[in-house]
Amino acid sequence: MTVNTMTAKEVTEKVFNKEEIFILDVRNSSDFTDWKIEGENFDFLNVPYFDLLDGVERILDKVPTDKDVLVVCAKGRSSIMVAEMLSEAGLSVSSLEGGMNAWSEHLEPVKVGDLKGGGEIYQFVRIGKGCLSYMVVSNGEAAVIDATRMTNIYLEFANRIGAKITHVFDTHLHADHISGGRKLAEKTNATYWLPPKDATEVTFDYQSLEDGNEVAIGTTSINMHALYSPGHTIGSTSFIVDEKFLLTGDILFIDSIGRPDLAGLAEDWVGDLRESLYTRYKELSGELIVLPGHFTIIDELNADGSVSEKLSTLFETNHGLNIEDENAFRKLVTENLPSQPNAYQEIREINMGKIEQEIEKQREMEIGPNRCAVR
Amino acid sequence: MTINKVLDAKGLACPMPIVKTKKAINELESEQVLEIHATDKGFKSDLTAWAKSGGHELLKHEEENDVLKFWIKKG
């Protein structure tokens, strides 16, 4: 018997449209507690598949019949088994194709704005992990910023809109996800830019990204201005694109700020973080649209699914930008930090080119939510 | 430790290792020990949670050349 399936893309649309679904998550409860699909109008029930092997009778009265029901597991096989059992019991349910693996790997491109001379900027929302990457397009050329390891998605997207990827940037050495930057640059013969202070241990060639670098994309030269903004890492660099968008990497988010501890130097970098946020960003135009490297909670999504806000608004509403007292700030970003991302040390080593891992292992290392922010 | 049964679940993907483990355990008497070999990485945490909820005891586990080995005493 076949059961209905729902793809990660279809679930993403339901998140963006704030639709209702009932999610029956059949992973074990610690995995569920650690990380799950989130949506404003999603309801949840967590019963591990191994407690349902003898039958689903005991949960039948807990599964609603008046809304879409989605069964979710880690890889999309146990959910089929449970969905089949529920279907046989007369319920209409779907199984998430590929499970949380697919959820973690899905990227949804959302256009966030127009650029001079017909250019565009797209945000790729990695809805399951909260990672945001970007494509700046102008006159048939494209730049990709903070690419995830799912490089085919950028290649196919660029192909579809008729653009050639010529520049690839990482705003910093990532610790929460495996960068696709180097691989994407290799596949497209693009230039791969990294901030040198984050790249002291990398094992491959890169173009050194320095404060004040200007990179032109396309013939009408959409201008990408690099702005050194250390604090999350020592090399963290922001970009001002077309004098209109501020790509903040992992320094500033919508409702939180970057954490300085993932390379082990929180105490050393807290001063840099404050300087970047309270001095360097303050000197910029408040009209800039902030495009961060992550979202942390689903409430940060705009109505169209994008994640962005005016810099002047963030200076009013973001708690992390409104701490007058330096000691209070130091405390916030060095004490009571959220737990560190899964396998973050090993992820840094992969991003430095020091180690390689097969795809299955890479998936496992990236399991879990985003944990790059301090609120 | 007396091992009463060995289950080879290598190469099987979730949910099969647990399905087979449950079947094998059903065929044992209380206090008897089942040894399981598996390669599915997610199996470890699922088996631990399953054994706990079923009242079985996970005696020990080892990892040897990507093969996960477990010993479970039936509750």
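Just a few scattered comments:
- In order along region A:289-299, the phi-based Karplus estimate (6.51 cos²θ - 1.76 cosθ + 1.60, θ = phi - 60°) of 3J(HN,Hα) comes to 8, 7, 10, x, x, 8, 10, 9, 10, 5, 5 Hz; Gly and Pro are listed as x.
- Using alpha carbons only: equivalent-ellipsoid semi-axes of the protein assembly as shown, gyration tensor based, whole Å: 43, 24, 21
- GNM flexibility winner over chain A from A:Glu108, A:Glu13, A:Glu309 (Cα, springs under 10 Å): A:Glu13
- Which of B:His37, A:His177 has the fewest Cβ neighbours within 10 Å, and the rest in rising order: B:His37, A:His177
- 222 nm mean residue ellipticity, helices alone, for the protein assembly as shown (DSSP H n ≥ 4; -39,500 (n - 2.57); rounded to 500): -7000 deg cm²/dmol
- For chain A: relative contact order, % (alpha-carbon pairs under 8 angstrom, 6 or more apart): 14
- The H on the amide N of A:Ile23, modeled in the peptide plane, is under 5 Å from the matching H of A:Asp43, A:Phe44, A:Leu45, A:Leu70, each at least 5 residues off or on a different chain.
- Between A:Ile355 and A:Asp304, the modelled label-to-label distance comes to 4.1 nm, taking each label 7 Å out from Cα in the direction of the beta carbon.
- Per residue, the Cα convex hull of region A:113-174 amounts to 88 Å³.
- Directionally averaged projected area (convex hull, Cα atoms, chain B), nm²: 4.3
- Relative packing of A:322-333, B:47-58, A:235-246, which averages over residues the other C-beta atoms within 10 Å, highest first: A:235-246, B:47-58, A:322-333
- Estimated FRET transfer efficiency when R0 is 30 angstrom, pair A:Asn139-A:Glu13 (beta carbons, to 0.05): 0.45
- Using a Förster distance of 30 Å, the FRET efficiency for A:Asp211-A:Thr313 (Cβ separation, nearest 0.05): 0.70
- With the convex hull constructed from alpha-carbon coordinates only, region A:4-103 shows a mean projected area of 5.6 nm² over all directions.
- Cα-based reach from B:Lys23 at 17 Å (exclusive), listing aspartates and glutamates while leaving out same-chain residues under 8 positions away: A:Asp51, A:Asp54, B:Asp8, B:Glu31, B:Glu35, B:Asp46, B:Glu57
- When the listed pairs A:Lys197/B:Lys41; A:Lys75/B:Lys52; A:Lys67/B:Lys52; A:Lys164/B:Lys41; A:Lys129/A:Lys187 are checked against a 30 Å cut-off, the alpha-carbon distance exceeds it for A:Lys197/B:Lys41; A:Lys67/B:Lys52; A:Lys164/B:Lys41.
- Descending Cα extents along the principal axes, region A:202-292, whole Å: 44, 37, 18
- Between helix B:43-54 and chain B: long-axis angle, C-alpha atoms, 0 to 90°, nearest 10: 20
- When +1 charges are put on Lys and Arg Cβ atoms and -1 charges on Asp and Glu Cβ atoms, the dipole computed for region A:107-374 relative to its Cα centre reaches about 560 debye.
- When you restrict to C-alpha pairs under 8 Å that are six or more residues apart and normalise by the size of region B:5-73, the relative contact order lands at 35 percent.
Each reported figure results from applying straightforward, stated rules to the coordinates on display, with no laboratory input. Keep in mind that this is a model prediction, so the values were computed, not measured. As a convention, Cβ positions derive from the backbone with ideal geometry for all residues, glycine included, and neighbour counts pool all protein chains shown.
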